[in-house]
Each structure stands twice: as structure tokens, then as C-alpha cells.
Amino acid sequence: MLGANRVSWVRAIVAGIIGVVVGTAVGTALVQLDVNDDSSAVGVAIVTAILVSVGLIVAMQLISRPRSAPRSRGGIGGSLRVAGRTSEVLRIAARHGLGPYVGRRRSSDRPPSGAQLRGALEESGVVFVKFGQVLADRPDLVGPAIAEELSSLHHQVTPLGREVMETALRSEIPDFDDIFESIDWDPLGSASIAQVYQAKLKDGSDVVVKIRRPGIEDEVRRDGQVVRRVSQLAERHSDWARNIGLAGLASSFVADLERELDYAGEARAAAELATTFEDAELEVPAVRSDLSGATVLVMERVPGVTLAAAELDRMPTELRRQKAISLVGAHVGAMLKGGRFHADPHPGNVMLTPEGQIYLIDFGATGVLSPTEQSSLGSLFLGIRLREPTMLRDALLAVSESDGPVDTVRLDRSLSHLLVEHLQPDENIGPEAIVELLAIMSDNQLKLPASASSMFRSLLTILASIERLAPGFPLLDGIEELGDVQSPVPSTPEEFAQLAREETFKLLPLLQRAPRLTDSIATRLERGDLSIRARAFAHPDDRRFIASLVNRAVLAFIAVGLGLVSAMLFGLDKGPYLTTNLSVYDFLASIGLLAGAVLIMRVVMEALDTDTRTTAER
């Protein structure tokens, strides 16, 4: 009734039983007070039962919480800390105008502004800032405007002192004095999770030491649960949060962030990247696995500077172009071949040595593409080269997900516009083209899984690095110079023959099943028992539409019933009096009319609200 699509049958039945019991008790009491008209007592009992049932349902909905909320670690104390922190974050959200999205005000169906989100996330702390940075990498979900606003998120971190960090290092490496010759405790970098120092080992090796900040694990686990809870709450109160799958994004983000706390995983990723780039002109610093652990990562120190800080004007133009080809060849080649790739190769994570060698650093974000994603990426590049929107569309549909049918005509039209506006034959693929492509996906309700999202994020950041290294470098030309990494469409008779053999092997299982399936269908036709089953209202949108109609009908029926019973009560002349001029019947009738009027107004407002949303969607 009141939000009946979210009221369980158990709650409705319990509320109904209690309402009937209370109403019967009230009616019986009135009869025992020598009320001569038994029909009046029955009317009072009915109104009382309805009001009590509705009140109980509302009360149960107000005190209920999502059952999917994660349990806090650390017993009662941990639960209280998480509850207190959740309340604090909700107050911060309300201060920044996000109250309607977290249940602090009337729910909103509109997306929040990027400035509201950015302000609330920055004030909420480091974990929320990192979550905002993840959302900034998903313009396909949150939209380009919000993604651009969130891209400026940052969190000021004060470096921890030597005593604290040295204690953390010695706890991971007990024989520190026997291994390290010296360490410069002035950090090379200080981030929210770790601090980085340069050191020298007694074997003469120059290394960098990445030390996890003490206490950050507890903060991440606590605020990770808060991120999940607030996201779940937002999905309950906001269509925008539900449409982008905010709770799922939060859960995936927290899981990834908790994995980042274990530097053993980052060491393994670095080793895999080194294997991937073994034959390429791209290097990865060697990790000292014998000295690394869950909280400390020790790796080779690379002499040089990042692309972001390098003075590239002194480097010859042709050399810069060759280095750009090397970077594209190693990075995009790894993606197309199914190797592990760096998911965030921005200019700050690409180093250039005095000899001109390129290194990748910081391996907290890496990825591996599935065969489908590899093929789609190749088709994406080829579709841009051939200026073929249908090939672009097929590549996007292969790696994306959708809650409903996709309007391919509308999608093709948008992609054609993209080719005209951002991808002219004599233009390079720039970050703005990738952002526009993701915006088209968002407009057409296409969602990227995590691995495909990391692919586009990697493309965006590698484009920034290439532009910094060699401005105007044509990415597609660089890909065509990769040698063994070519387009997915064969261009020679040998390649056609190889493709035909591969596709034939893929079809063999289907060809083997075909005779059996054909015989089964023919047998059923012969017996006359071949049937096709179709489910009515199979789509979630259809079920939601029918549920909303039923809810409105029930609300309208109850409102009319309350009005009729109230009118009957007003017509009664006898009965106990609360005051000289106010009888119990008149009092109950007034309450009934008020409740009926409120319910009727709710039905009208929901109908108007639905019409407004439908018009906006069109």
C-alpha cells in the first residue's frame, strides 16, 4: 500500500492481524458501553483496524534496514564505530545537498550535480575520495559532466614521521640492519595508503621502499563498510543510484581497495607485467620478492623522471616518435594479445631514464582482457580506421551489458556523429573521443563490466602519456606499425585460410549437436507436442509498471472505503462523546476522511510524477 512494492507479505499479514484484533477490541468495548446501534460499532472497528494496520506497516518500514548490509567486523565495538561513521557521512551528504539520495529528504530521481558529489566525497575522507576517483573513470555510467567534476578529486595527506614508518618497516623486515645500508627518510612520495622512500642495500643495490601507512587497514575496512551501506541506502531512495548500480560499484571498489592493501599482490602483478613486456622496448622495475611482503614492497630504483616532469623539448622529435611507438606497441599490444597490462599508465606512472628507456611504475591497477574483449578492441580500432559505425557498434555491444533492448539505429546514428565530429581521417584519437564514446554508451544504457572499464581507462591514460611524449602522434598509425599485432580482419590468403580453419574448429561442437537437435524437433512436431513457452511480464520494467498500477488501485480503493465509512459515521446521532459537541464517531470519521484524502493525493502525485519521468525519458 504505502510503497507496497517494498513491503513483504509477512509484514502486511502481521499488520493486518494486529489491526483486526485491535479493531475488534474497540468495537466490543463500544458495545459493552451500551451503544444501541451495533452497526456503528462495526464501522468504528473497521476504521480502527485500517488505521492500525497502515500505521504498523509505516512503522515497520521506517525501522527496517537493508538485509544485504555487510556485518561489521570487530563485534559490538566495530558495529558501533561503523554505525557512528555512517551517521557522520550521512550528515556530510545532507550538508552538500545530497539528502534526497540517502533518505534524509524526499527521494529524488534526478542525478546529483558533480559539485555536490565532489564536495561530499572530499569531506568524507580518503576512502570516499578514492571511490569518487573510480566513479570518475566511469563516464559510461555517471555521465561525462559528473565524471569530469570528480576527476579533480584529491585528498591532502600529511606524511607520517620517521619513527612510525621505521617501526612499520622493521616489523615486516626484522633483519633490517643486516640488509639495508642506508635509507633516506625524506619520502619521495606520500599517498593516502603508503609512503615511498629511496634506500641502498648492503649488496650495493639502489632500491625504493613502499611502506603501507600503519592503521590504514582498519580505516579502509571501516569506511569500506560505510561506502557499501551508504550506496545501498542511495539505491533505495534514488533511481539514479539504482540505474548505475551504485551498490555493485561500491562492493567491487571495496574489494579492489582491500586487495591493494596487500603488496604481495602488487609484486605478482609487476612480475607478470615484466613477462608481458619481455620482448618489448618497455621495462618494469625488478621487484625484490625476498624483501617484499603484505605491507612493504621493495623494488629496483629507476634513475630518471616521470613523463609529467620530464623536459622533453631537448629530445629529438624522431626519437620521441620512436619512443611513442614503443609505448603503444608494448601497451596496446599487450591488451590485444591477452597479456597483463597497466590500467593507469598516465604520465606520472611512466618514467624516462637519461638513456631514453621507458619504465612503468605503480602496479596497483592492472588488468587482463578476455578473448572477446581483445577482439572487440581490435574491431574498435579497425572501425575507427574504416569509419564504419556498425563495426564500432558490434565492438561495443560485445563487451557491454544492458538491462533491456538496445536501439541499434539510435546507437549507429550516435556513432556516426562521433566519427564526423571527433574522428576525421586526418585527426588523431584523443581523450575527448574516448570520453564521447563512453557518453554514447551511457546514453544508450550500455554498461561496462570491470575488465572492459579498465580497458577504456587504460586507453584514456595512455593517450595522455603519448600526447605528452610526442604531441600529435597518430595512435592508429602507431598500432599499424606493431608488426605482429594487426587488425582482426585478414588481409592475405594465408590469413583467410587460417581464420577459416579456426572458425571451423569453433563450429564443430555445434555441428555435432545439430543432427540430434534436428531429430528431436522433428519428433516433437510429428507427435504434435512441440510448444513454445513465453512469460508474460518477463521484463523488469513490465513488472514494475503492473506493480505500480496495482498499488495505485489498492490505495484508491482504501481511500474510497475510508471516505464511505467516515460519511456513515458522520450520519450517526448517538454514541459516547469526547466533549460536549464532539462524539467519538465524529472524531473517528474526521480521521478517516483525512487518511482517505492523503491516500488519494498520494495516488494523484505518483501518477503525475510517473508522467513527468516518462516525458523526460522520451
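The values are calculated or read from the model by the stated rules, or taken from the named source; none is laboratory data. Note that the structure is a prediction, hence the values are computed from the model and not measured. Every residue, glycine among them, receives a Cβ derived from its backbone with ideal geometry; neighbour counts consider all protein chains shown. SASA here: full protein model, heavy atoms, side chains in, ligands and nucleic acids out. Shrake-Rupley method; radii C 1.70, N 1.55, O 1.52, S 1.80 Å.
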Asp586 being of a type in the set (Asp, Glu), at pLDDT 70 or above and in a helix (DSSP H, G or I):
yes
Which pairs turn up if I take residues in segment 524-552 that are under 30 Å from Ile600 (Cα atoms) and modelled with pLDDT of 70 or more and look for partners that are in a helix (DSSP H, G or I) and open to solvent by 80 Å² or more (accessible area, probe 1.4 Å) with beta carbon separation below 8 Å, at least 6 apart in sequence or on another chain?
Arg544/Asn5; Ala547/Asn5; Ser548/Asn5; Asn551/Asn5
Identify all residues within segment 90-105 that are modelled with pLDDT of 85 or more and within 18 Å of Gln225 (Cα to Cα); write none if there are none.
Leu90, Arg91, Ile92, Ala93
Test: Thr372 is β-branched (Val, Ile, Thr) and open to solvent by 50 Å² or more (accessible area, probe 1.4 Å):
yes
Residue match in segment 292-299 (condition: out of contact with any helix residue (DSSP H, G or I) (no Cβ under 8 Å at 6 or more places or on another chain), modelled with pLDDT of 85 or more, surrounded by 17 or more Cβ atoms within 10 Å (Cβ to Cβ) and more than 30 Å from Val102 (Cα to Cα))
yes
Checked against (1) modelled with pLDDT of 80 or more; (2) open to solvent by 30 Å² or more (accessible area, probe 1.4 Å), Ala450 satisfies every condition except (1)
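The rows are residues; the columns are (1) over 30 Å from Lys210 (Cα atoms); (2) assigned to a strand (DSSP E or B); (3) without any contact (Cβ under 8 Å) to a residue 60 or more places away in the chain; (4) open to solvent by 40 Å² or more (accessible area, probe 1.4 Å).
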position: Gly356; (1), (2), (3), (4): no, no, yes, no
position: Phe363; (1), (2), (3), (4): no, no, no, no
position: Gly378; (1), (2), (3), (4): yes, no, no, no
position: Ser416; (1), (2), (3), (4): yes, no, yes, yes
Among residues belonging to segment 173-184 that are surrounded by fewer than 15 Cβ atoms within 10 Å (Cβ to Cβ) and in a strand (DSSP E or B), point out the one that is nearest to the chain's Cα centre (by Cα).
Asp184
Within segment 337-354, track down each residue that is surrounded by fewer than 22 Cβ atoms within 10 Å (Cβ to Cβ) and among the basic types (Lys, Arg).
Lys337
So which of Ser108, Ser113, Ser87 is hydroxyl-bearing (Ser, Thr, Tyr) and at pLDDT below 85?
Ser108
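Would you be able to say whether some residue in segment 141-161 is in a helix (DSSP H, G or I), touching an Asp or Glu at 6+ places or on another chain (Cβ under 8 Å) and not polar (S, T, N, Q)?
Looking only at segment 141-161, we keep the residues that are in a helix (DSSP H, G or I), and these are 141-142, 144-150.
Filter once more, so that each one left must be touching an Asp or Glu at 6+ places or on another chain (Cβ under 8 Å): 144, 147.
Those still in the list that are not polar (S, T, N, Q) too: 144, 147.
The answer is yes, given that some residue of segment 141-161 is in a helix (DSSP H, G or I), touching an Asp or Glu at 6+ places or on another chain (Cβ under 8 Å) and not polar (S, T, N, Q).
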How about segment 221-296: which helices (runs of 4 or more DSSP H) wholly inside it have at least 2 residues that are more than 30 Å from Tyr197 (Cβ to Cβ), among the aliphatic types (A, V, I, L, M) and touching a residue at least 60 places away in the same chain (Cβ under 8 Å)?
239-244, 246-260
Take the residues in segment 320-336 that are touching a helix residue (DSSP H, G or I) at 6+ places or on another chain (Cβ under 8 Å) and basic (Lys, Arg); name whichever of them is surrounded by the most Cβ atoms within 10 Å (Cβ to Cβ).
Lys323
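Residue by residue, here is whether (1) farther than 30 Å from Ile434 by Cα; (2) of a type in the set (Asp, Glu); (3) touching a His at 6+ places or on another chain (Cβ under 8 Å) holds:
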position: Val126; (1), (2), (3): no, no, yes
position: Leu141; (1), (2), (3): no, no, no
position: Leu150; (1), (2), (3): no, no, no
position: Phe180; (1), (2), (3): yes, no, no
position: Asp203; (1), (2), (3): yes, yes, no
Check Gly204, Gly224 and return the single one that is under 27 Å from Gly248 (Cβ atoms) and either modelled with pLDDT of 90 or more or touching a Pro at 6+ places or on another chain (Cβ under 9 Å) (or both).
Gly224
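So, in segment 261-277, how many residues would count as being open to solvent by 20 Å² or more (accessible area, probe 1.4 Å) and touching a helix residue (DSSP H, G or I) at 6+ places or on another chain (Cβ under 9 Å)? Show your work before the answer.
Quick first cut of segment 261-277, residues open to solvent by 20 Å² or more (accessible area, probe 1.4 Å) only: 262, 264-265, 268, 271-272, 274-276.
Among the residues that remain, those that are also touching a helix residue (DSSP H, G or I) at 6+ places or on another chain (Cβ under 9 Å) are: 265, 276.
Going through segment 261-277 one residue at a time, the tally reaches 2.
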List every residue pair whose Cβ atoms lie under 7 Å apart, where the two residues are 6 or more positions apart in sequence or sit on different chains, the first residue falls within segment 142-164 and is touching a residue at least 60 places away in the same chain (Cβ under 8 Å) and open to solvent by 60 Å² or more (accessible area, probe 1.4 Å), and the second residue, located anywhere, is among the aliphatic types (A, V, I, L, M) and part of a loop (DSSP other than H, G, I, E, B).
none
Determine which member of the set Ala120, Ala115 is open to solvent by less than 40 Å² (accessible area, probe 1.4 Å) and over 19 Å from Gly245 (Cβ atoms).
Ala120
